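Undergrad: Take this structure, written in structure tokens, and hold onto it; I'll ask about it next.
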Amino acid sequence: MATMQAGSSLGEWRKYWPLVAATTMGMSLAALLSSVFGVMLGPLEEEFGWTRAQISSGPAVVSVMGLFLATPAGYLIDKWGSRTCGIITVICSFLAIASMSLIGDQLWHWWACWAIFGISGSFTSTVWMAPISTIFHAGRGMAIAITISGTGISMALAPGIAEYFVENHGWRSGFLALAVMWCAVVAPLVLLFVPRLPGQHSEDHALDEAAPSQASLAGLTPREGFASANLYILFCASLVAAMTGVALILNLVPVLTFTGLTRVEAVSIAGSMGIASIIGRLIGGVLMDRFDVQRLAIIASLVSLGLPLSLLLAPGVFWASMAGVIAYGLTGGMKMNAIVYLTSTHLGARSFGLFYGVISITTTLAQGIGPLVANHIYDVSKSYNPVIWATVPGFLGAALLFAALRPKPDFAARAAAA
């Protein structure tokens, strides 16, 4: 049985690896602004005189939009397909990031750019997860892991690139360069390799032939899904895990400099987290295809405690901060991997776009509210310590929520009975 599964997984990868390349870079684009937020925070604060909370209100715009648009976006992904919605995502991302290089000292300019990004944010990350979760079966865990590791690509590369432009050409050139570099890679990959709507085949697109029709997919109907406790448990687990992590990660450079590290040290540590997250997600993909994903999510939540504990117990110590960030990078991504995987196994593929669209609201909320609250606390107290302390019960709460998840339905038995 194991041999058959391995062979099936290898066959999937031989046929569909270009799809994973496209979705991985799509996730990298989705994480681009988050990866450079801490680097750009200081220059924006210095040039415009905005408070850190005011700067963090930009991502909050995305959160508000996500509350209203993420679920409809998930429905549109099920209806229009990931290729069409993916192109919309890339176009809006480019316009938003490039426009940031043109803003003036009016705060609404900053909000307007984030509002454009909010359109793409409403589709992400569902638009990249839907084709992976539908097409891959035996190798689904690794496919999800590699796709999500795209965020690690941005975390590893973007801070250093942004810092180079800030120091040598200014932060405006940094935003423009990042938009051009990432979108020039992602756009052709999406056009070439991401399939259209399941059930709509095209002779010139091999991946379209592999996509099953929406009616044939196993899983809960929208009504059954919204009546399932697992949907709400996964929603809350994702919200707590994301809110806790993002409050630190989006502010990682200023948080590390607050603890006593230099800006150069902080930027280098931020880059190392990207590399660690890629490694962690790949390891997580292998583990998820072999072990119980629910338990892996619990363990990952507990190991993530290494980040706040290292900052609290050894502030300003380079190796301790590096160890804590690497611990979070190795396991933090596994939680996101697990949420995608558990959504597909506990709610099914039939309405995956809708269900994961609902759950992905949590990531959008976290990216807006987490930095806003964290930086408001800093503006008031001139300290990030309350934020760091708050992440400890946050990670513990995420572990408890994952533990509360109910057994997955037997979709095969449901299909046979029907």
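Undergrad: Find the residue count for segment 163-182, including only residues that are in contact (Cβ under 8 Å) with a residue 24 or more places away in the chain, under 23 Å from W128 (Cβ atoms) and surrounded by fewer than 19 Cβ atoms within 10 Å (Cβ to Cβ).
TA: Counting residues in segment 163-182 that are in contact (Cβ under 8 Å) with a residue 24 or more places away in the chain, under 23 Å from W128 (Cβ atoms) and surrounded by fewer than 19 Cβ atoms within 10 Å (Cβ to Cβ) gives 1.
Undergrad: Any residue at all in segment 2-21 that is within 29 Å of D379 (Cβ to Cβ) and in contact (Cβ under 8 Å) with a residue 40 or more places away in the chain?
TA: Within segment 2-21, none of the residues are within 29 Å of D379 (Cβ to Cβ) and in contact (Cβ under 8 Å) with a residue 40 or more places away in the chain.
Undergrad: Kindly check whether there is at least one residue in segment 94-116 that is in contact (Cβ under 8 Å) with a residue 12 or more places away in the chain, crowded, with 22+ Cβ neighbours inside 10 Å and not in a helix (DSSP H, G or I).
TA: Checking segment 94-116: not a single residue is in contact (Cβ under 8 Å) with a residue 12 or more places away in the chain, crowded, with 22+ Cβ neighbours inside 10 Å and not in a helix (DSSP H, G or I).
Undergrad: Could I ask something else about it? For segment 303-318, state whether one or more residues are over 22 Å from A138 (Cα atoms), without any contact (Cβ under 8 Å) to a residue 24 or more places away in the chain and in contact with an Asp or Glu (Cβ under 9 Å, 6 or more places away or on another chain).
TA: No; the residues of segment 303-318 include none that is over 22 Å from A138 (Cα atoms), without any contact (Cβ under 8 Å) to a residue 24 or more places away in the chain and in contact with an Asp or Glu (Cβ under 9 Å, 6 or more places away or on another chain).
Undergrad: Can you name every residue in segment 253-288 that is of a type in the set (K, R) and open to solvent by less than 10 Å² (accessible area, probe 1.4 Å)?
TA: Of everything in segment 253-288, nothing turns out to be of a type in the set (K, R) and open to solvent by less than 10 Å² (accessible area, probe 1.4 Å).
Undergrad: Further, regarding this structure: Look at segment 12-33 and say how many of its residues are under 20 Å from S173 (Cβ atoms) and open to solvent by 10 Å² or more (accessible area, probe 1.4 Å).
TA: Qualifying residue count for the region: 0.
Undergrad: Mind counting the residues in segment 391-418 that are at pLDDT below 90, part of a helix (DSSP H, G or I) and open to solvent by 60 Å² or more (accessible area, probe 1.4 Å)?
TA: Result for segment 391-418: 5.
Undergrad: A follow-up question, please. Give L33, L44 a once-over and let me know the one that is closer than 21 Å to I369 by Cα, in contact with a Gly (Cβ under 9 Å, 6 or more places away or on another chain) and not small (G, A, S).
TA: Answer to the selection: L33.
Undergrad: For segment 366-382, which residues satisfy the criterion of being part of a helix (DSSP H, G or I), open to solvent by 20 Å² or more (accessible area, probe 1.4 Å) and modelled with pLDDT of 80 or more?
TA: If the condition is that a residue be part of a helix (DSSP H, G or I), open to solvent by 20 Å² or more (accessible area, probe 1.4 Å) and modelled with pLDDT of 80 or more, then I369, L372, V373, H376, I377, Y378, D379, V380, S381 are the ones that fit.
Undergrad: What helices (runs of 4 or more DSSP H) lie completely within segment 197-310 and have 3 or more residues being β-branched (V, I, T) and modelled with pLDDT of 80 or more?
TA: Output list reads 229-249, 252-259, 263-288, 293-303.
Undergrad: Answer yes or no: is there a residue in segment 320-342 that is open to solvent by 20 Å² or more (accessible area, probe 1.4 Å), in a loop (DSSP other than H, G, I, E, B) and not β-branched (V, I, T).
TA: no
Undergrad: Within segment 137-156, does at least one residue satisfy the condition of being in contact with a helix residue (DSSP H, G or I) (Cβ under 6 Å, 6 or more places away or on another chain), open to solvent by 10 Å² or more (accessible area, probe 1.4 Å), in contact (Cβ under 8 Å) with a residue 24 or more places away in the chain and more than 28 Å from A266 (Cα to Cα)?
TA: Scanning segment 137-156 turns up at least one residue that is in contact with a helix residue (DSSP H, G or I) (Cβ under 6 Å, 6 or more places away or on another chain), open to solvent by 10 Å² or more (accessible area, probe 1.4 Å), in contact (Cβ under 8 Å) with a residue 24 or more places away in the chain and more than 28 Å from A266 (Cα to Cα).
The values are calculated or read from the model by the stated rules, or taken from the named source; none is laboratory data. Because the structure is a prediction, the values reported are computed rather than measured. When we count neighbours, we look across all protein chains shown, and the Cβ atoms used for this are built from the backbone with ideal geometry, even at glycine. Heavy atoms of the whole protein, side chains included, go into the accessibility calculation; ligands, DNA and RNA do not. Shrake-Rupley method; radii C 1.70, N 1.55, O 1.52, S 1.80 Å.
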